[in-house]
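The values are calculated or read from the model by the stated rules, or taken from the named source; none is laboratory data. On a predicted model such as this, the values are computed, not experimentally measured, just so you know. All Cβ positions, glycine included, derive from the backbone under ideal geometry; neighbour counts span all protein chains shown.
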Amino acid sequence: MNSFAYGALWFFIFSLPWERILTVPGVYIVTKASGAFALAVVLFVVLVSGRLRRLQPFHGAALVFVVWAGIRALLTDYRRLGFPGKYWTFVQLLLVLWMIWELAPSRGRLLGLLSAYVLGAYVAALDTILLFRHKGEMMRRFAAGGGDPNDLANLLALALPMAWYLGMNYRKPFVVWACRGYLIVGLLALGLTGSRGGMVAAMVGLGIVPWTLTQLSAGKRVLGTVFICAGVVVLFAYTPTTLIERLASTGSDLSAGQVGGRGRIWLAGIKAFAQQPFFGYGTGMFKTAVNPFGVNQVAHNAFLSVLVEQGLVGLVFYLSMFGLAFLAVLNLRSVDRRFALVLYAATIVTMLPLTWEDAKAVWFVLGALVGLRHAPLPMLQAPPWRPPRPVPLRREAGIGGLARGPAAPTSPGRLNARD
């Protein structure tokens, strides 16, 4: 039954990158249904077994933040507004962290969840490429399921370091070659989104390539280099020129302080924070907070959003999750630590231009990295047991008794005496 529950969680993670493809109005039905089913199964397993894994400080920090977000929602005219949907998303994400911890205690299961995310990113990438082929002349930017290109690009970018790590270290052939192929497919789809923030996150994620090449065999080095080069060639060969020019303008946009028009939003958020610095405006209240400053948009920065909505207190609780996850990453062994640090850095970068404090992908990455730290390392296979080899009998000199062990060597002097 535990394996069945893990399978349900695996499918939930698999559906994260492409949840927008199958939707009903306003609801991502695939992740909602698969997540609820996985939760129901794992609760049944826990009740039957009567056992729970001991939680880590990271999970405690996540719980404290969610409780604080609930308190702030409760104190923000909830009778008129009700609890915001964002708060219930935090509750669901907390349950996702618990399910990952409970159902994936081993390294193999955690790597299985990472492969589920990469395969899900494959689905989103292929759908984006098909959309480009069918409607290439009618659209400027492309995203699977008609979603936001920036969101999709960052979802695809997070899968790049996972794909490299699994493709070079995993043992299941199908998953290995699928992950290697994603280095080509994922880069092409990411280019078609035209997302500059997503491209920056991808560059950070691909930092794993030079950092881990020395840890690979010569054959894997060549193979990995070939796939990366092929991905870059395909990206420039098939991405429209207008999108290439857009991606190339990332440096000038950053130097001008525009960041895709987000500068004025961030400035309004800072002004709003200055008026209520300690406790914030309440969960889901960023638009209300910045409206007096002529802005009616979300923060487009996860940490600024938390700062304005939850105040300094809430931001400390939120950042404590990331701090504890970072400490867990530092305690991994060499190869795993390098992969985890790159994935951690790429996750932070994805949150800078997006309101992703309640993104499923972010909480999944944090939960997986903490779980990887506490998963036991694979043990080396012990040699097969063999019965002890019998020792031949030998005759003792003098009395003529028998004793075990090889006969003592006879010196040449004794042989001469007998002669």
Self-check item: Pick from segment 319-349, criterion among the polar types (S, T, N, Q) and more than 12 Å from the chain's Cα centre (by Cα), ranking: surrounded by the most Cβ atoms within 10 Å (Cβ to Cβ)
Solution: Ser320
Quiz item: Can Val42 be described as surrounded by fewer than 18 Cβ atoms within 10 Å (Cβ to Cβ) and not polar (S, T, N, Q)?
Solution: no
Practice problem: Note down all Cβ pairs under 6 Å where the first residue falls in segment 51-68 and is over 15 Å from Leu103 (Cα atoms) and in contact (Cβ under 8 Å) with a residue 40 or more places away in the chain, the second is surrounded by 14 or more Cβ atoms within 10 Å (Cβ to Cβ) and of a type in the set (Ser, Thr, Tyr), and they're at least six residues apart or on different chains. | Solution: Ala61/Ser320; Phe65/Tyr318
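For the subset of segment 250-262 comprising residues that are over 28 Å from the mean Cα position of the chain (by Cα) and not acidic (Asp, Glu), which member is modelled with the highest pLDDT?
The qualifying residue modelled with the highest pLDDT is Gly261.
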Quiz item: Which of the residues belonging to segment 194-228 are touching a residue at least 12 places away in the same chain (Cβ under 8 Å) and either among the small types (Gly, Ala, Ser) or not in a helix (DSSP H, G or I) (or both)?
Solution: Gly194, Ser195, Gly197, Gly198, Ala201, Ala202, Gly205, Leu206, Gly207, Leu216, Gly224
Exercise. Pick out the one residue from His134, His59 that is in a helix (DSSP H, G or I) and under 16 Å from Ala368 (Cα atoms).
Key: His59
Quiz item: Which one of the conditions (1) more than 22 Å from Val365 (Cα to Cα); (2) of a type outside the set (Val, Ile, Thr); (3) touching a Lys or Arg at 6+ places or on another chain (Cβ under 9 Å); (4) crowded, with 16+ Cβ neighbours inside 10 Å does Leu223 fail to meet, given that it meets all the rest?
Solution: (4)
Practice problem: Kindly check whether there is at least one residue in segment 291-313 that is farther than 30 Å from Met162 by Cβ, of a type in the set (A, V, I, L, M, F, W, C) and crowded, with 23+ Cβ neighbours inside 10 Å. | Solution: yes
Exercise. Taking the options Leu126, Leu158, Leu119, Leu131, name whichever one is within 16 Å of Val362 (Cβ to Cβ) and aliphatic (A, V, I, L, M).
Key: Leu158
Practice problem: Mind listing whichever residues of segment 128-144 are surrounded by 18 or more Cβ atoms within 10 Å (Cβ to Cβ) and over 24 Å from Val204 (Cα atoms)? | Solution: Leu131, Phe132
Practice problem: Consider Thr193 carefully, then state whether it is closer than 30 Å to Ser334 by Cα and polar (S, T, N, Q). | Solution: no
